[in-house]
Amino acid sequence: MFQRKIYRSDMLRCVLCGGGPCSAACGRLDPAALLRSIWFNNEKVAAARLPEANPCLNCAAPCEAACVRPGEVPIRGLITMLREEVRTNLEIPEPTDENRLRTDICGIPLENPFLLSSSVVASTYDMCARAFESGWAGACFKTICSFEIHEVSPRFSAITGDNGSIIGFKNVEQLSDHSVAENMEIFRRLKKNYPAKFILASIMGQNEAEWEELARQCQENGADAIELNFSCPNMAEGGLGSDIGQDPDLVERYTAAARRGAAIPILAKPTPNVAVMGPAAEAARRGGADGFALINTIKSIIGVNPHTYISSPAVHGMSAFGGYSGSAVKPIALRFLAELGKNPALAGTHLSGMGGVETWLDALEYILLGAGSIQVTTAVMQYGYRIIDDLKSGLNLYLAEKGFRSLREAVGLALSSVSETTDVLERDTVIFPKFHREKCIGCGRCAISCADGGHQAITLNPERKPLLNGRKCVGCHLCVLVCPQRAITSSRKRITKKDL
């Protein structure tokens, strides 16, 4: 029997409320937290936390009546699925401690790999304090500079999915609007009140003297490490931001300047607005960088209004290229991460990965490709600091299931399977799709896609179930991707092309 899995699509009408009314109405469970765990691919932990006795049995489902979209979210059904189809198949209990999540950045301990990345989510003392209280291991503070910052309004825009969740996010925001002195005071307070939390100070200078002085002040006021922002796409004029990151000579000079100002670890943040990141990263290494933070946002345009002819966000009749982030950039970020992870000239350096991380599974992909720490912004902006609960518990359970004693054991395990070209890929066998007809609803999407975007290998029988012509199928698996029911999977059977 095909194993049922709970997907985000099962709860598309849930808006992931803050202080969910469903939980207040239940009184026996915390449905809001359970639904949130499903959304963040953490259904195993959600199921493990259910009580032995089934509180949903013979329940009138007041949680569904209290929902801000009454009757539209099958809360009781989702919890029942957690119990009957996830809990019964759990491999191990939820771990009782988080010790295996402990890691480090350049030898400085982290209680877990998750940090806020340099942005609005880590821009004040109170915000960082609340994040630390929530369980984040540290924060990369919003980039500090010595020049005045004047922001625009509005400054954000997005591409959204069917339920309103953000797929791609654009910002035209600049750097910290606090003075250097104000930011140094924040560092001192954070380090005094949260000595075990990691403070990564992001800086940007206009010349070597500024890079050196900012690095010195950050070290003197409690920063554990420094991140050199060579990549902000919204600060390019006058030789700042991504303009620096595209010039390896400047990267090396400014890294060396920061190194003269501080002895603590330095992470360079190269720009992704390049064809390859290696030259800039190697230059930063020569300048004294101990590691790299990647990626920053990507220059972008989101949408053009068909009536005003202005792209978004529109600011008094104008717009501009801005930084693109969110789930859409994760494949690009992983590509750059693998590029640096496989570069022998950068061996032994720390890689801090970011770009589209929403779930523990996203974070794991970064870890497997070489990241020793993870930074998050867009998901926090959308869902809040509370996502740390599912990031930590989901990753912790995975590591325990795999028998890892430490997160460090998983770092880089996927790098050897990745090539920068397709020339190394085996081309002599075909893996056919497998149709699960008990799930098929007869929509015919597989046949349409195969006919118009594939190799005309799928037809429908009189019952509207798919039939595969093995002589035409090339195993591209387009049908697997387009099926709305997830009723098509990859077969385990490999066919040699000469046998077709």
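The values are calculated or read from the model by the stated rules, or taken from the named source; none is laboratory data. Every value quoted in this text rests on a predicted model; they were computed, and no experiment measured them. As a convention, Cβ positions derive from the backbone with ideal geometry for all residues, glycine included, and neighbour counts pool all protein chains shown.
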Pair list, Cβ < 9 Å and 6+ apart or interchain, from the range 53-76 residues that are farther than 16 Å from P21 by Cβ and free of Cβ contacts under 8 Å to residues at least 60 places away in the same chain to residues that are among the hydrophobic types (A, V, I, L, M, F, W, C) and part of a loop (DSSP other than H, G, I, E, B): P55/L29; C56/L29
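Residues that are assigned by TED's automatic domain parsing to the domain that holds S202 and part of a loop (DSSP other than H, G, I, E, B): does the range 103-110 have at least one? Explain how you work it out, then say what you get.
Going through the range 103-110, the residues assigned by TED's automatic domain parsing to the domain that holds S202 turn out to be 103-110.
Still in the list and also part of a loop (DSSP other than H, G, I, E, B): 106-107.
Among the residues of the range 103-110, at least one is assigned by TED's automatic domain parsing to the domain that holds S202 and part of a loop (DSSP other than H, G, I, E, B), which makes the answer yes.
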So which residues in the range 283-295 are in contact with a strand residue (DSSP E or B) (Cβ under 6 Å, 6 or more places away or on another chain), surrounded by 24 or more Cβ atoms within 10 Å (Cβ to Cβ) and not small (G, A, S), if there are any at all? F292
Can you find even one residue in the range 177-192 that is touching a residue at least 60 places away in the same chain (Cβ under 8 Å), within 25 Å of I295 (Cβ to Cβ) and charged (D, E, K, R)? no
Can you tell me how many residues in the range 74-92 are under 21 Å from S393 (Cβ atoms) and surrounded by 15 or more Cβ atoms within 10 Å (Cβ to Cβ)? 9
Of the conditions (1) crowded, with 16+ Cβ neighbours inside 10 Å; (2) at pLDDT 95 or above, the single one that V120 does not satisfy is (2)
Just for the range 262-282: of the residues that are surrounded by 24 or more Cβ atoms within 10 Å (Cβ to Cβ) and in a helix (DSSP H, G or I), which one is farthest from the chain's Cα centre (by Cα)? A280
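Can you list the strands (runs of 3 or more DSSP E) found entirely within the range 125-224 that contain at least 1 residues being more than 19 Å from the chain's Cα centre (by Cα)? Step through it out loud before you land on a result.
Working: elements: 138-144, 156-160, 166-171, 198-203.
Per the criteria, 138-144, 198-203.
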Only one of (1) under 16 Å from E151 (Cβ atoms); (2) free of Cβ contacts under 8 Å to residues at least 12 places away in the same chain fails for P313. Which number is that? (2)
If you go through the range 12-30 one residue at a time, do you hit one that is under 21 Å from S393 (Cβ atoms), in a helix (DSSP H, G or I), in contact (Cβ under 8 Å) with a residue 60 or more places away in the chain and out of contact with any strand residue (DSSP E or B) (no Cβ under 6 Å at 6 or more places or on another chain)? no
For the range 164-171, does any single residue satisfy the condition of being modelled with pLDDT of 95 or more, surrounded by fewer than 22 Cβ atoms within 10 Å (Cβ to Cβ) and either small (G, A, S) or under 26 Å from G135 (Cβ atoms) (or both)? no
Number of positions in the range 40-60 that are in contact with a Cys (Cβ under 9 Å, 6 or more places away or on another chain) and of a type in the set (G, A, S): 0
Among the residues of the range 225-244, count how many are within 17 Å of A289 (Cα to Cα), modelled with pLDDT under 90 and not in a loop (DSSP other than H, G, I, E, B). 1
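Kindly establish whether R100 is over 24 Å from E358 (Cα atoms) and of a type outside the set (G, A, S).
Working: over 24 Å from E358 (Cα atoms): no; of a type outside the set (G, A, S): yes.
Answer is no for this residue.
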So, K142, is that one basic (K, R), in contact with a Gly (Cβ under 8 Å, 6 or more places away or on another chain), in contact (Cβ under 8 Å) with a residue 24 or more places away in the chain and in the same structural domain as Y385 (by TED's automatic domain parsing) or not? no
All-but-one check, E91 against (1) at pLDDT below 95; (2) closer than 30 Å to G288 by Cβ; (3) of a type outside the set (A, V, I, L, M), failing number (2)
